[in-house]
Each structure stands twice: as C-alpha cells, then as structure tokens.
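Presented below is the structure to which this report refers.
The values are calculated or read from the model by the stated rules, or taken from the named source; none is laboratory data. The structure presented is a predicted model; accordingly, all values stated were derived computationally and were not measured. Glycine also receives a Cβ, built like all others from the backbone with ideal geometry; neighbour counts cover every protein chain displayed. For the accessible areas, the whole protein counts, side chains as well, though only heavy atoms, and no ligand, DNA or RNA atoms are used. Shrake-Rupley method; radii C 1.70, N 1.55, O 1.52, S 1.80 Å.
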Amino acid sequence: AALEQPSKPVTALVGGSKISTKIDVLNNLSDKIDCLIIGGAMANTFLKAQGFEVGISLIETEMIGNAELIINKLKSKKCDLVLPLDIVCAHALNVKADMHTFCVNDCPRDRMILDVGPLTCKKIINVIDNSKTFIWNGPMGAFEIQPFDQGTNIIAKYVAKRTMQKKLISIAGGGDTVSALKVSGSVQNFSYVSTAGGAFLEWLEGKSLPGIESLKV
C-alpha cells in the first residue's frame, strides 16, 4: 500500500544526519514516489551541492557529488524535491543556544543549521495536503534538544491529523523517527509505525526481507 500499489501522490520525508547511510533509500524511492522532502543534517549536503552557504553545519563533503546525482535523477523522474526554505541556526547545539531563523540564502558562516523554519513547515504542510501516502524516515532537525524539535513536531502532528481524518496513509520507521514521533505525541496516530529500524531501511532500499519472503512460500 505504500510503495508497490500506493494511493498517489506519494510523498517521502527522509531526514537524519548522513546521506551515506540513506543513499540506497533515496535512489530506490526516487523511482516510486512523486515528492521527496529532505530534512535533518543531510539536507545541508544537498544545500551545499546547490551552492548555498551552510556555515559550520554538519555536512558530508565526499557526498556532495552523490547529492547532485540524486537531484538530477529526481528531475528526470519528474519527482519534486523539497529542501529547506528557511533554517533555524545557532552557534552550538545546546538548550541555551543563541537561536535565530534565517532565509536559506542567508546562513551565517559562524552558525550551524539545526532545524527547519516556519516557511519550510508551511511548504511541507502544503505538500502533505496534496498527498495520499506519506512515508517518513528521519527527523527534520536536532529534535533531541529543544527548541530544535519544532520542525519535526509540527510536521508529525499535521501528518497525524490528516491520518486521523482518513485523508492520508502514513508509514514511519527507524529508531530516531519513532523517538521523534513519541516526543511530538503523535506516534499512535500514524497508520503504521515500524520499530524495526534496520529492516525498515532495507524495505525502503527495495531489498527483500527474509521473514516476509518466508511468509510468501
């Protein structure tokens, strides 16, 4: 219902810190979905690939080329790509950080990107409104530390709302994702939440799962 014969349009939100751990997921999803939202620190590498300043944010310099390839593949598949429009930045990742929101064009060189801002959340909500199926793996920001959980919380609550209204099928999984949804208080309102982080990633990568294959025999 999510990837093989889904209700379309299908949107996937992929967050987390590293592209290198999600490269197979991104490549597989790009063949199956209508819109891809990139969040978390891995969005920084995509922004860098598009020429944006990211300050002292976490990026994977060696993966910039891969990000460019994924961007081009999405274009060829006519799959929309949503990257941050505005960013929440601070000098350090802690609860007392001097936090400010900037346009994605204006990231200060001495700050790190730690969450998405309200314009990005509004854009994603608009995408959700136009989706029938929503797949989620990875938080939008450093949700473990307030106030950098706001982007993740806003989106999680809205996905849960649309799900409860029976206007969206929502599937989420992965350790950090489940933790983030619990923080937002919306985990119980998704259509399906997988607690098997590694297996969920393998499913998103298009790999066969031994337990599922055994049931098919």
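If you roll a 1.4 Å probe over the heavy atoms of the protein chains, what accessible area per residue do you get for the range 27-92, in Å²?
Per residue, the range 27-92 has an accessible area of 41 Å².
Just the accessible area for Glu202, please: 1.4 Å probe, Å², rounded to the nearest 10?
Its heavy atoms expose roughly 70 Å² to the probe.
Read phi for every residue in the range 117-126 and hand back ³J(HN,Hα) as whole Hz from Karplus 6.51 cos²θ - 1.76 cosθ + 1.60, θ = phi - 60°, with x for Gly and Pro.
Residue by residue, the range 117-126 yields x, x, 5, 5, 4, 4, 4, 5, 4, 4 Hz.
Once both labels are modelled 7 Å past Cα along the beta-carbon direction, what's the Cys103-Gln165 spacing in nm?
Using points 7 Å along Cα→Cβ, the separation is 3.1 nm.
Quick one: which of Lys123/Lys207; Lys73/Lys166; Lys77/Lys182; Lys8/Lys48; Lys18/Lys182 span more than 25 angstrom between C-alpha atoms? Intermediate results must be reported in sequence, preceding the final value.
On the way: Lys123/Lys207 31 Å; Lys73/Lys166 32 Å; Lys77/Lys182 34 Å; Lys8/Lys48 31 Å; Lys18/Lys182 22 Å.
Violating the 25 Å limit, Cα to Cα: Lys123/Lys207; Lys73/Lys166; Lys77/Lys182; Lys8/Lys48.
So which residue, out of Ala67, Ala97, Ala41, gets the largest mean-square fluctuation from a GNM of the chain using Cα contacts under 10 Å as springs?
Ala97
So what's the gap between the Cα centers of the range 105-125 and the range 1-75, to the nearest angstrom?
16
How many nm separate the modelled label positions at Gln50 and Ile64, each set 7 Å beyond the Cα in the direction of the Cβ?
So the two model labels end up 1.6 nm from each other.
Restricting to the chain, compute how many DSSP beta bridges are antiparallel as a %, nearest 5. Please list the in-between numbers first.
Working: 8 of 27 bridges.
Expressed as a percentage, antiparallel bridges in the chain total about 30.
Could you give the length gained on full extension between Asp110 and Ile125, defined as 0.36 nm per residue of separation minus the Cα-Cα distance, in nm?
In short, 2.4 nm is gained.
Give me the aspartates and glutamates in straight-line cross-link reach of Lys216: C-alpha distance below 20 Å, same-chain residues under 8 apart excluded.
Reachable aspartates and glutamates: Glu4, Glu202, Glu205.
Give, in nm to one decimal, the length gained when the segment between Lys8 and Lys77 is fully stretched (0.36 nm per residue of separation minus the Cα-Cα distance).
Between Lys8 and Lys77, full extension yields an extra 23.3 nm.
When the chain is fully extended, how far beyond the present Cα-Cα distance does Ser214 get from Ala199, taking 0.36 nm per residue of separation?
Fully extending the segment from Ser214 to Ala199 adds 3.9 nm.
With all protein chains present, calculate the accessible area of Thr195 using a 1.4 Å probe and round the result to the nearest 10 Å².
Roughly 120 Å² of Thr195 is accessible to a 1.4 Å probe.
Pull up all non-local amide H partners of Leu81: gap of 5 or more, or a different chain, and H-to-H distance under 5 Å with H placed in the peptide plane.
When sequence neighbours closer than 5 places are left aside, the close amide H contacts are Leu36.
When the helix-only estimate is applied to the chain (DSSP H runs of n ≥ 4, each -39,500 (n - 2.57), divided by the residue count), what is the mean residue ellipticity at 222 nm, nearest 500 deg cm²/dmol?
Working: 8 runs with 80 residues, N = 217.
When only DSSP H runs of four or more count, the value is -11000 deg cm²/dmol.
How much accessible surface does Met99 have with a 1.4 Å probe, in Å² rounded to 10?
Accessible surface of Met99 is approximately 80 Å².
What order do Ser20, Ser170 take when sorted by accessible area (1.4 Å probe), most exposed first?
The ordering from most to least exposed comes out as Ser20, Ser170.
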